[in-house]
Amino acid sequence: MNTEFPRIMTLRRKERKISQKQAAADLGISQALLSHYEKGIRECGLDFLVKAADYYNVSCDYLLGRTASPNENLASSDKNKNICDDINMISDSADILLSLCGSSGNKSLENDAVSYIMLNLYKLFRMLYNSNDENNSLFFKIPELPAEDLTDSVIMKMCASIKLKSKENLNKSITTDSLSEEYAQTPSLMKLIKSSEDKISEHYG
């Protein structure tokens, strides 16, 4: 039995300040039957679910508690959920990687890792930013043309530095088991690795 349907049905009716008697009449059922639906004593059929969704101007998925927004269906919710999942995956993975750098005992390695992430986000913002805007100087001191090459150059230097320092300071063997034991977010990192390699294979075979 769906436990959200009775709660949401009652909530929508009360939000619209409609009596149970009036709602039952509008929906073409007895007040006693509507009361049973709202209390979760009985389950409604598909026809009534659709009629109730139309009556309260919400989606069927919302009435069933499958989406958070009244007019959102599950298909669109899944798209939003996928984006949110990816954002959480990135955040979780960053937490693990920065924690690994911090555990090395080499503050310089940790600083380089943070700088590497910051520079890539900076580069992304410059790609999104409208370079023809007259207010360019409000954001950036470095002009657009050398900025991309200079940023890539610094990122490559950071890569070389991180590789060198990680070899010198991360002596412990990193395995899926060791990561899982230490970090609850390990599944996110594994997903990020797979997603990234899928994208690389997609573009370069």
- Task: For Leu11, indicate whether it is aliphatic (A, V, I, L, M), under 14 Å from Leu63 (Cβ atoms) and out of contact with any helix residue (DSSP H, G or I) (no Cβ under 9 Å at 6 or more places or on another chain).
- Result: yes
- Within the set of pairs 6 or more residues apart or between chains, which connect a residue that is assigned by TED's automatic domain parsing to the domain that holds Asp95 and more than 21 Å from Cys101 (Cβ to Cβ) inside region 183-205 to a residue that is at pLDDT below 90 and among the charged types (D, E, K, R) with Cβ atoms less than 8 Å apart? Ser195/Asp86
- Item | Hits in region 40-68 - residues which are over 15 Å from Leu11 (Cα atoms) and among the small types (Gly, Ala, Ser) | Gly45
- Given (1) modelled with pLDDT of 90 or more; (2) surrounded by 14 or more Cβ atoms within 10 Å (Cβ to Cβ); (3) within 23 Å of the chain's Cα centre (by Cα), index of the condition Tyr37 fails: (3)
- Among the residues of region 100-109, write down those that are surrounded by 14 or more Cβ atoms within 10 Å (Cβ to Cβ) and outside any helix (DSSP H, G or I). Ser104, Asn106
- Residue in region 131-175 that is surrounded by the most Cβ atoms within 10 Å (Cβ to Cβ), counting only those that are aliphatic (A, V, I, L, M), part of a helix (DSSP H, G or I) and modelled with pLDDT under 85: Ala147
- Could you pull out the residue among Asp112, Asp95, Asp86 that is in a helix (DSSP H, G or I) and modelled with pLDDT under 90? Asp86
- Which of the residues spanning region 8-34 are within 19 Å of Arg66 (Cα to Cα) and surrounded by 14 or more Cβ atoms within 10 Å (Cβ to Cβ)? Ile8, Met9, Thr10, Arg12, Arg13
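The values are calculated or read from the model by the stated rules, or taken from the named source; none is laboratory data. The structure displayed is predicted, hence computed values, not measured ones. Reconstructed Cβ throughout: ideal geometry from the backbone, glycine too, with neighbour counts over all protein chains shown.
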